[in-house]
Amino acid sequence: RQVGERARPARRLGALRVAADAERLARGVRGFGGEATRTSAAHAWGTARIAEAAATRPEVIVVNIQGDEPLVEPRDIDRLVEGLAADPGCAMATLCAPLPRREEAEDPNIVKVVCDEAGRALYFSRALVPWPRDAAPGAGAGPAGTGWQRHIGLYAYRREFLMEFASWPPSRLERTEGLEQLRVLERGGVIRVLPAEGRYLGV
């Protein structure tokens, strides 16, 4: 409920629906006035569930707002939609935020993203990337310019690409890191990464 209420003010959302894999969840969503689309409980990953929910919808861009981001910022939802719409060479878009402290960057529960100069993803990892080769062992921060970036799991997809993505089997790097977005990079897809304006603490 909190995620839905936070997302609702976004100007670029034509509709807001919860992809529910159980009737109990769907009833709960409807109970507070939300819209729910029932999906299969057999999906092994979230993208497949979103694709099923979007399969019969007319929207050109689909935004995946995950339920574990209670502080989602409406401006970031709009930023994602607008960023993807403005970059026809990208199949999907996501967010990042700075990680100034090395201990955060070393946490495998915090996913890091490395981008090229155009703001497109090169790699996502649970490891410390980029690795500050010349930093002193145990240093609390990397050298100037290390630029560690936390990946924030909010996504916008072009609908046709979302359907294709969901049909692909998990890739080698995805299985290694446990990160779905690596499936896109291994297939040669392009992910636009935009700086988040909000402050995110996933739960």
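Ignoring ligands, DNA and RNA, what percent of the accessible area of the chain is carbon or sulfur (1.4 Å)?
On the way: 5440 of 10560 Å².
Within the chain, the accessible surface is 52 percent carbon and sulfur.
Restrict the search to the range 38-132; then list the chymotrypsin sites (Phe, Trp or Tyr not before Pro) that DSSP places in a loop and that have at most 16 other Cβ atoms within 10 Å of their Cβ.
Working: sites: 45, 123, 124; in loops: 45.
Hits after loop and neighbour filter: 45.
Mind listing the phi-derived Karplus ³J(HN,Hα) values for the range 50-57, rounded to whole Hz, using 6.51, -1.76 and 1.60 with θ = phi - 60°, and x for any glycine or proline?
After applying 6.51 cos²θ - 1.76 cosθ + 1.60, I find 5, 4, 4, 5, 8, 4, 9, 9 Hz.
Find the accessible area per residue for the chain; the probe is 1.4 Å, ligands and nucleic acids are left out, and the unit is Å².
Details: 10560 Å² over 203 residues.
On a per-residue basis, 52 Å².
Within 10 Å of each candidate Cβ there may be at most 15 other Cβ atoms; applying that plus a DSSP loop requirement, which trypsin sites (Lys or Arg not before Pro) in the range 57-140 survive?
On the way: sites: 75, 79, 101, 102, 112, 120, 126, 133; in loops: 101, 126, 133.
Sites meeting the loop and neighbour criteria: 101, 133.
Given H placed on each backbone N at 1.01 Å, which residues far from residue 153 in sequence or on other chains put an amide H within less than 5 Å of it?
Here the answer is none, since no amide H 5 or more places off falls under 5 Å of that of residue 153.
How about the range 32-65: which GluC sites (Glu not before Pro) there are in a DSSP loop, with at most 16 other Cβ atoms within 10 Å of their Cβ?
Numbers: sites: 35, 52, 59; in loops: 59.
Here the GluC sites (Glu not before Pro) that fit, given the DSSP loop and packing criteria, are 59.
With each run of n ≥ 4 DSSP H residues scored as -39500 (n - 2.57), what mean residue ellipticity at 222 nm is computed for the chain after dividing by its residue count and rounding to the nearest 500 deg cm²/dmol?
Working: 8 runs with 61 residues, N = 203.
The per-residue figure over the chain is -8000 deg cm²/dmol.
Going by amide H atoms built from the backbone, whose H comes under 5 Å of the H on residue 194, apart from near neighbours?
94, 95, 96
The values are calculated or read from the model by the stated rules, or taken from the named source; none is laboratory data. Computed from a predicted structure; not experimentally measured. No Cβ is skipped: glycine too gets one built from the backbone with ideal geometry, and neighbour counts run over all protein chains shown. These area figures cover heavy atoms from the full protein model, side chains too; ligands, DNA and RNA do not enter into them. Shrake-Rupley method; radii C 1.70, N 1.55, O 1.52, S 1.80 Å.
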